Amino acid sequence: MKKVPIPRSRVPYGVILSWECLAKTFTLLYGQPLHYLTYMLCKQWDQSRCGSEDGDKTIDTILKWSSVETTLWKVEEIHRLCTSPSHLAKLWLNDPEYLVFVREVIPSH
């Protein structure tokens, strides 16, 4: 992920239903997947909204697109530059969706 550059150009506006939806939208808009930890953080942010006062509102009615986009790219940059591959592999061992990737590299698991 360190070799994949964070896009310089930005999309001026978008509809953001949820953080997870935003992560998937970024993948489509910018033609590159987000880091696993960024995607998981978006899921956690959505889960933390459940039951809150604004839990049923879309993200774009609460926050400005530019703020959301900047925040997500900053988080993405941190994850790309600072995540240990061994830490990531340990997380993937506990995630059925990603366990396949670990098994391809380490067949004994």
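The values are calculated or read from the model by the stated rules, or taken from the named source; none is laboratory data. Just so it is clear, the structure is predicted and the values come from calculations on it, not from any experiment. Glycine also receives a Cβ, built like all others from the backbone with ideal geometry; neighbour counts cover every protein chain displayed.
Based on what the data block shows, is His35 buried (at least 17 other Cβ atoms within 10 Å of the Cβ) and in contact with a Lys or Arg (Cβ under 6 Å, 6 or more places away or on another chain)? I'd like the intermediate steps shown before the answer.
Working: buried (at least 17 other Cβ atoms within 10 Å of the Cβ): yes; in contact with a Lys or Arg (Cβ under 6 Å, 6 or more places away or on another chain): yes.
It is true that His35 is buried (at least 17 other Cβ atoms within 10 Å of the Cβ) and in contact with a Lys or Arg (Cβ under 6 Å, 6 or more places away or on another chain).
Regarding Ser86, is this residue part of a helix (DSSP H, G or I), modelled with pLDDT under 90 and within 18 Å of the chain's Cα centre (by Cα)? No: the conditions fail for Ser86. Only one entry of Ser48, Ser66, Ser52 meets the criterion of being among the hydroxyl-bearing types (Ser, Thr, Tyr) and outside any helix (DSSP H, G or I), and that entry is Ser52.
Of all residues in segment 50-62, how many are over 12 Å from Cys21 (Cβ atoms) and in contact (Cβ under 8 Å) with a residue 24 or more places away in the chain?
So the count comes out to 0.
Got at least one residue in segment 41-58 being crowded, with 16+ Cβ neighbours inside 10 Å and modelled with pLDDT under 85? No, there is no match, as no residue in segment 41-58 is crowded, with 16+ Cβ neighbours inside 10 Å and modelled with pLDDT under 85. The residue of segment 63-83 that is modelled with the highest pLDDT, among those that are of a type in the set (Val, Ile, Thr) and over 20 Å from Ser18 (Cα atoms), is Ile78. Condition check for Val75 on (1) in contact with an Asp or Glu (Cβ under 9 Å, 6 or more places away or on another chain); (2) surrounded by 11 or more Cβ atoms within 10 Å (Cβ to Cβ): one failure, at (1). Of all residues in segment 1-32, those satisfying the criterion of being loosely packed, with under 12 Cβ neighbours inside 10 Å, farther than 13 Å from Glu69 by Cα and at pLDDT below 80 are Lys2, Lys3, Pro5.
Summed over segment 13-46, the residues that are among the acidic types (Asp, Glu) and over 8 Å from the mean Cα position of the chain (by Cα) give a count of 1.
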